[in-house]
There are 2 protein chains.
Amino acid sequence: MPLNDQEPLRCEPHPPPCASSPRLRRLRQVIIDEGIKIVETAGNNPGPVIKQLKAANTTILHKCTTIRHAKSAIKLGVDFLSIDGFECAGHVGEHDITNFILLSRARQDLKVPFIASGGFADGQGLAAALALGAEGINMGTRFMCTLEAPIHHKVKETIVNAQETDTALVLRRWKNTSRLFANKVTQEALKVEKESKTGEFSEIAPFVSGKRGREVFLNGDVDFGVWTAGQVIGLIHDIPTCAQLLTRIEKEALQAMDRTRSLYSDAPQSKL
Amino acid sequence: MPLNDQEPLRCEPHPPPCASSPRLRRLRQVIIDEGIKIVETAGNNPGPVIKQLKAANTTILHKCTTIRHAKSAIKLGVDFLSIDGFECAGHVGEHDITNFILLSRARQDLKVPFIASGGFADGQGLAAALALGAEGINMGTRFMCTLEAPIHHKVKETIVNAQETDTALVLRRWKNTSRLFANKVTQEALKVEKESKTGEFSEIAPFVSGKRGREVFLNGDVDFGVWTAGQVIGLIHDIPTCAQLLTRIEKEALQAMDRTRSLYSDAPQSKL
């Protein structure tokens, strides 16, 4: 889970999250006291968090949805980056750059290593991310759909039955765009967002409550609140154990690499 | 160029393009008379075109932005598909599924071979598309930025100087969404689209004129009209010859494949 000061879905676009809030200060102290070695940061204004954790010799991975934000994070001293494409779950940013573009831009332009986030569920995706220059992949939605994931089985079944077209972007009007599973509440929130005459955030707030969203994972009523899901839900068709999933991904990645390379072996080599 | 009955940017969302229009009938006849072997179709209602061309033994490649459309095209008898992700130039469709998702869905679900369109400019992208299951890539924006491309040099220079964030989606309100270079006219069109009280297409039509867009390529005034560009403009940094570009892509793809495979060679193999 990214280290920021927010509910699973941030419901208050203004003011921005405050790095000096009591909850975040406590979280940082626990991380330092427990000697956590690697922390992922995300969101705006990570400077103070990064500074404090770096002073405690923590390795920092920062997640970002644009190259501009990645470069700012590098200046702040992060050790590596998580490049998060438009296909991802949750906060997609406001520029909608897909991972095919974003990972290549990262390879071309950034001087630190990066992993790929958003859109990954299998070994073919891993092989593709590596080809684009990433050092690995980051999976959220896919791990929600494993036997071990501490969420209600009905949520996992819902992911298995979903299509890649079953997500929606909400809160763009408030520059806080989030990709959510397109359930009833999400559709209602979108209607309010589109039709509100005032543009007051308070009109949509009840529909995007993070508290109700968390309840979904406990009670299994997938329409009880909003919950995040990436477009990758269209690629997920079963609920394996984490071990089964990782073994399968490793095998698929190797097969994809070997297939890809073999497509070329038959071609004439002389031109190179 | 896709075989349909439209200007480079389709300016009339209603009625849909008519497969029996005189211009399209003439185009089809020329294709048949000249013995063209492979044709790319795109857009709605390709059935009649596909039927006539298949009867003339033409191989049909159909471009689509959703798996649902791909399946319809397969039923109509197309030979292979071009899977076109949200990052592409021009008509992106209305579902905004990125190529990382769409290509994997195609691999999982379609029984015909496919190539990848939208987001490709280099060999790393080619290697990634192959890993996801594609048989090759389709490049539009990248070829615009070659020495041989018959468009004004200033357009090519504009692409070289552009960022991946310099495109915009226009005409979503009319379910005819197009990704355009975010120049002055595109921004004006977006303003009209957002603010129009009537929602009449005639209000935006002058801003998205395909005729003025074509003029851009002749006169080099990149703000004279709207013109399509993919997010891939952020990955394009030079104006090579086509031969130089293809040789480079081949080399980059092989290097990417070899790097990717070598990342794995050091890991223990026994688990597989």
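The values are calculated or read from the model by the stated rules, or taken from the named source; none is laboratory data. None of the values given here were measured: they were computed from a predicted structure. We place every Cβ from the backbone using ideal geometry, glycine too, and count neighbours over all the protein chains shown.
So the values come out like this:
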| quantity | calculated |
| --- | --- |
| Condition met for residue B:173 (within 13 Å of chain A (Cβ to nearest Cβ), of a type outside the set (S, T, N, Q), surrounded by fewer than 17 Cβ atoms within 10 Å (Cβ to Cβ) and in a helix (DSSP H, G or I)) | yes |
| Filter result (among the hydrophobic types (A, V, I, L, M, F, W, C), part of a loop (DSSP other than H, G, I, E, B) and within 19 Å of the chain's Cα centre (by Cα)) within the stretch B:230-258 | B:236 |
| Single match in B:70, B:127 (criterion: of a type outside the set (Val, Ile, Thr), surrounded by 24 or more Cβ atoms within 10 Å (Cβ to Cβ) and under 16 Å from the mean Cα position of the chain (by Cα)) | B:70 |
| Exclusive hit being surrounded by 24 or more Cβ atoms within 10 Å (Cβ to Cβ), out of contact with any helix residue (DSSP H, G or I) (no Cβ under 7 Å at 6 or more places or on another chain) and in contact (Cβ under 8 Å) with a residue 12 or more places away in the chain, set A:84, A:79 | A:84 |
| From A:199, A:220, residue being touching a His at 6+ places or on another chain (Cβ under 6 Å) and surrounded by fewer than 18 Cβ atoms within 10 Å (Cβ to Cβ) | A:220 |
| Number of the condition not met by residue B:227 [criteria: (1) more than 12 Å from every other protein chain (Cβ to nearest Cβ); (2) surrounded by fewer than 20 Cβ atoms within 10 Å (Cβ to Cβ)] | (2) |
| Test: residue in the stretch A:199-217 that is aromatic (Phe, Trp, Tyr) and within 14 Å of chain B (Cβ to nearest Cβ) | no |
| Answer from B:179, B:173 - the residue that is over 17 Å from the mean Cα position of the chain (by Cα) and either small (Gly, Ala, Ser) or over 30 Å from residue A:260 (Cα atoms) (or both) | B:173 |
| Complete set of residues in the stretch A:242-272 that are more than 7 Å from chain B (Cβ to nearest Cβ) and either under 10 Å from residue A:124 (Cβ atoms) or modelled with pLDDT of 95 or more (or both) | A:242, A:243, A:244, A:245, A:246, A:248, A:249, A:252, A:253, A:255, A:259 |
| Failed item in (1) out of contact with any Cys (no Cβ under 9 Å at 6 or more places or on another chain); (2) touching a residue at least 12 places away in the same chain (Cβ under 8 Å), with residue B:239 passing the rest | (1) |
| Condition met for residue A:208 (outside the structural domain of residue A:124 (by TED's automatic domain parsing) and in contact with a Phe, Trp or Tyr (Cβ under 7 Å, 6 or more places away or on another chain)) | no |
| Condition check for residue B:181: closer than 21 Å to residue B:144 by Cα and crowded, with 17+ Cβ neighbours inside 10 Å | yes |
| Residue in the stretch B:184-195 that is touching a residue at least 40 places away in the same chain (Cβ under 8 Å), over 29 Å from residue A:133 (Cβ atoms) and not assigned by TED's automatic domain parsing to the domain that holds residue B:142 present | yes |
| Residue in the stretch B:233-252 that is in contact with a Lys or Arg (Cβ under 7 Å, 6 or more places away or on another chain), small (Gly, Ala, Ser) and buried (at least 17 other Cβ atoms within 10 Å of the Cβ) present | yes |
